[in-house]
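Q: Pasting a structure here, questions to come.
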Amino acid sequence: MVVIGILGLQGDIRFHEDILKTMFHKLDIKDGEIVIVKKSKDMENIDGIIIPGGESTVIGVLTKKIGLFDDLKDKITNGLPTLGSCAGLIFLSNQVSDRIVKQVNQPILKVLNVTTERNTFGGQKESFEADVKISGFSDIPFKGVFIRAPTIKEVNSGVEILSRFDDKIIAVKQNNIIALSFHPELSNDTRIHEFFLEMINKN
Ligand code: GLN
């Protein structure tokens with residue numbers, strides 16, 4: 001049995017739920033469960049957690065407000081498999097800046113040894129899709145959906161680069177954490193979630 005949590009305070013929660021269900025079906029996993037995490041207690045039985053894209057400032061402030069921030073940070077630091085996408089990547093990072101306003105002041109978990117830049121490609125209007133290559137995946141490209149996407153400006157020790165697009169780092173792995181600039185739940189492709197599941201199973 002595998003129980004996957006999705007941080008369920010704000011953002012692209014439902015689409016992750018949908019793609020996890022598609023993946024369970026595809027892999028014939030009958031005892032896969034999904035838990036929408038809204039408080040610390042919801043994390044008791046999860047084997048991994050997805051931090052979805054959305055608005056990183058809101059996710060940060062809400063996790064603090066409801067007292068989930070410290071427990072989540074502890075769990076991830078202690079090895080809970082974690083998949084962060086877009087705002088999720090920002091929230092996991094050690095350091096964050098913004099392309100336009102530069103310095104930002106928002107609650108971040110500081111569990112992923114990278115410096116991330118918000119809004120690298122611009123605002124909502126500059127959102128786009130692009131084929132990306134992910135290290136370890138087959139030659140069939142992954143359709144990356146970039147929505148006000150961040151990129152990783154600097155990686156530090158222990159971080160493996162999984163993908164670059166336009167010379168920018170857009171996917172990394174550090175031990176139990178996978179973090180992406182784009183939204184893997186919006187492509188009809190379960191490979192990122194399968195990769196995450198493999199990580200959970202190896203844990
Ligand atoms: N730019 C957003 C942020 O800073 C992230 C966008 C997204 O998750 N699609 O939180």
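The values are calculated or read from the model by the stated rules, or taken from the named source; none is laboratory data. Because the structure is a prediction, the values reported are computed rather than measured. Cβ: placed from backbone, ideal geometry, glycine included. Neighbour counts: every protein chain shown. Surface areas here come from the heavy atoms of the whole protein model, side chains and all, with no ligands, DNA or RNA. Shrake-Rupley method; radii C 1.70, N 1.55, O 1.52, S 1.80 Å.
Q: With each run of n ≥ 4 DSSP H residues scored as -39500 (n - 2.57), what mean residue ellipticity at 222 nm is computed for the chain after dividing by its residue count and rounding to the nearest 500 deg cm²/dmol?
A: Values: 5 runs with 51 residues, N = 203.
Helices in the chain give a 222 nm mean residue ellipticity of -7500 deg cm²/dmol.
Q: Quantify, in whole percent, the carbon and sulfur part of the accessible surface of the stretch 27-148 (1.4 Å probe; protein heavy atoms only). Let's see the in-between values first.
A: Values: 2890 of 5960 Å².
C and S fraction of accessible area: 48 percent.
Q: Sequence gap at least 6, Cα distance under 8 Å: using those rules, report the relative contact order of the stretch 62-132 to the nearest whole percent. Can you show the working numbers first?
A: Details: 70 pairs, mean separation 18.9, N = 71.
Dividing the mean separation by the residue count of the stretch 62-132 yields 27 percent.
Q: For the chain, what does the accessible surface come to per residue with a 1.4 Å probe? Please give it in Å². The partial results should precede the final answer.
A: Details: 9500 Å² over 203 residues.
Solvent-accessible surface per residue comes out at 47 Å².
Q: Also, I was wondering about something else. For the pair residue 70 and residue 29, what calculated FRET efficiency results from E = 1/(1 + (r/R0)^6), where r is the Cβ-Cβ distance and R0 = 25 Å, to the nearest 0.05?
A: Numbers: r = 32 Å, r/R0 = 1.27.
After rounding to 0.05, the efficiency reads 0.20.
Q: Test of understanding: what is the full-extension gain from residue 78 to residue 139, defined as 0.36 nm times their sequence separation minus their Cα-Cα distance? Walk me through the numbers before you get to the answer.
A: Numbers: separation 61, 0.36 × 61 = 21.96 nm, distance 3.37 nm.
That works out to 18.6 nm of additional length.
Q: Okay, next question. Using 0.36 nm per residue of separation minus the Cα-Cα distance, give me the extension gain between residue 157 and residue 38 in nm, one decimal. Don't skip to the answer; put the middle values down first.
A: Details: separation 119, 0.36 × 119 = 42.84 nm, distance 3.17 nm.
Residue separation times 0.36 nm, minus the Cα-Cα distance, leaves 39.7 nm.
Q: Just going by the charge dipole of the chain, with Lys and Arg at +1 and Asp and Glu at -1 on Cβ, which of 90, 25, 177 is farthest out on the positive end?
A: 90
Q: Continuing with this model, one more query. What are the residues whose amide H is under 5 Å from the amide H of residue 104, where those residues sit 5 or more places off or on another chain and H is modelled from the backbone?
A: Here 98 satisfy the definition.
Q: Okay, next question. Quick one: if you stick a label point 7 Å off each Cα along the C-beta vector at residue 101 and residue 194, how many nm between them?
A: About 4.1 nm, to one decimal.
Q: Under a point-charge model restricted to the Cβ atoms of Lys and Arg (+1) and Asp and Glu (-1), what is the dipole moment magnitude of the stretch 58-186 relative to its Cα centre, in debye to the nearest 20? If you can, show how the numbers build up before the last one.
A: Values: 16 positive and 14 negative charges, 70 e Å.
The dipole of the stretch 58-186 has a size of about 340 debye.
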